[in-house]
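Novice: Just dropping this structure here.
The values are calculated or read from the model by the stated rules, or taken from the named source; none is laboratory data. Owing to the predicted nature of the structure, the values given are computational and were not obtained by experimental measurement. No Cβ is skipped: glycine too gets one built from the backbone with ideal geometry, and neighbour counts run over all protein chains shown.
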Amino acid sequence: MSKKTEFALEMRKLRRRHIPILFLMVFVLITAWTYWCIDDLDVSRLNDVSAMVFTNLLLMNTILCPIVMAALASRMCDMEQMGNTYKWLCTMQKPEHIYRGKVMAGSFYILLFTLMQTVLFWIISQPYGAGVVSRLPGYFTTIFLTSLCIFILQLNLSLKFTNQLTPIFISIGGTFTGLFSWFLNRWPLRYLIPWGYYASLCNAGYNYDETTRYTTYYWDMYPFLWMAVLTAAIIILYRHGQKHFLETVRETI
């Protein structure tokens, strides 16, 4: 079976699962929050508005995206898990093709969601500096790779547990841990968990002067080393998840 067919079959299963609405609602929330931040601040006091927007968008993704990825993975697996339909599905598809189809479908939604956010970052930041275009690849890479890693992890958990509340609770715990990692930058926590990589791959930072109450934003080199670590984690999670799913299906059949 071709990859195109695997992808089409998985997308057909998701026709009435309202996945696009979920992503659209989160995108609207992120957009509203970002414009509120711009409107509420005196941007004339900021030395680099695009760095502030970059940081705030990644922080919002840390809060919202893990739950969205968990919901996406859960919606992909809940009917098959509760109905134990693997025996029938595997008469038409190989188990590894089913798993690959789910990953491709999830990656498609994540890709569209990331592109929408990248355009949002460009639209908001463009009036405040011409150099924002050079920051778009880094923003896209950070959101896409981190969200994909979390999605594959959540997919593996959703395929492992019949009760889909368990992966959701794990995602909530991971979200709080990832959020704390933003404020514990001297600790290596953000590099050890996938939820922390929105912060780990953020190459914008700031210094706050308590005396003047002035925040100075700055840009660093993109952390390619940690991007490579995250990419390796994605490959490992994918291979492990596919192998475990294959073993589970064989036991079921």
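Novice: Condition check: exposed (fewer than 12 other Cβ atoms within 10 Å of the Cβ), over 19 Å from the mean Cα position of the chain (by Cα), free of Cβ contacts under 8 Å to residues at least 60 places away in the same chain and not in a helix (DSSP H, G or I). Does R16 satisfy that?
Specialist: yes
Novice: So, of the residues in the stretch 153-165 that are surrounded by fewer than 23 Cβ atoms within 10 Å (Cβ to Cβ) and at pLDDT below 90, which turns out to be farthest from Y99 (Cα to Cα)?
Specialist: Keep residues of the stretch 153-165 that are surrounded by fewer than 23 Cβ atoms within 10 Å (Cβ to Cβ), which gives 156-157, 160-165.
Filter once more, so that each one left must be at pLDDT below 90: 160-165.
Working: K160: 12, F161: 15, T162: 16, N163: 19, Q164: 17, L165: 21 Å.
Taking the candidates together, the pick is L165.
Novice: Now, a different point. Search the stretch 90-130 for residues being among the aliphatic types (A, V, I, L, M) and under 19 Å from C77 (Cβ atoms), and hand back the single one that is modelled with the highest pLDDT.
Specialist: I110
Novice: Being outside any strand (DSSP E or B) and either at positive phi or in contact (Cβ under 8 Å) with a residue 40 or more places away in the chain (or both) is the filter here, so list the residues in the stretch 197-223 that pass it.
Specialist: Y197, Y198, A199, L201, C202, N203, R213, Y222, listed by residue number.
Novice: Working carefully through the options I150, I168, I234, find the one that is of a type in the set (V, I, T), over 15 Å from V103 (Cβ atoms) and modelled with pLDDT of 85 or more.
Specialist: From the options I150, I168, I234, the qualifying one is I168.
Novice: If you check V132, V119, which single one turns out to be free of Cβ contacts under 8 Å to residues at least 24 places away in the same chain, in a helix (DSSP H, G or I) and of a type in the set (V, I, T)?
Specialist: Numbers: V132 fails: free of Cβ contacts under 8 Å to residues at least 24 places away in the same chain.
Checking each option against the conditions leaves just V119.
Novice: Do any residues in the stretch 33-48 that are within 14 Å of I124 (Cα to Cα) and of a type in the set (S, T, Y) have Cβ atoms under 9 Å from those of residues that are at pLDDT 75 or above and surrounded by 16 or more Cβ atoms within 10 Å (Cβ to Cβ), where the two are at least six apart or on different chains, and which pairs are they?
Specialist: T34/V53; T34/N56; T34/L57; T34/M60; T34/L120; T34/F121; T34/I124; Y35/I124
Novice: Scanning the stretch 211-238 for residues that are surrounded by 11 or more Cβ atoms within 10 Å (Cβ to Cβ) and more than 21 Å from W195 (Cβ to Cβ), which turns out nearest to the chain's Cα centre (by Cα)?
Specialist: The extreme case among them is W219.
Novice: Restrict the check to the stretch 76-86 and report whether at least one residue is farther than 16 Å from I19 by Cβ, over 15 Å from the mean Cα position of the chain (by Cα), outside any helix (DSSP H, G or I) and modelled with pLDDT under 75.
Specialist: yes
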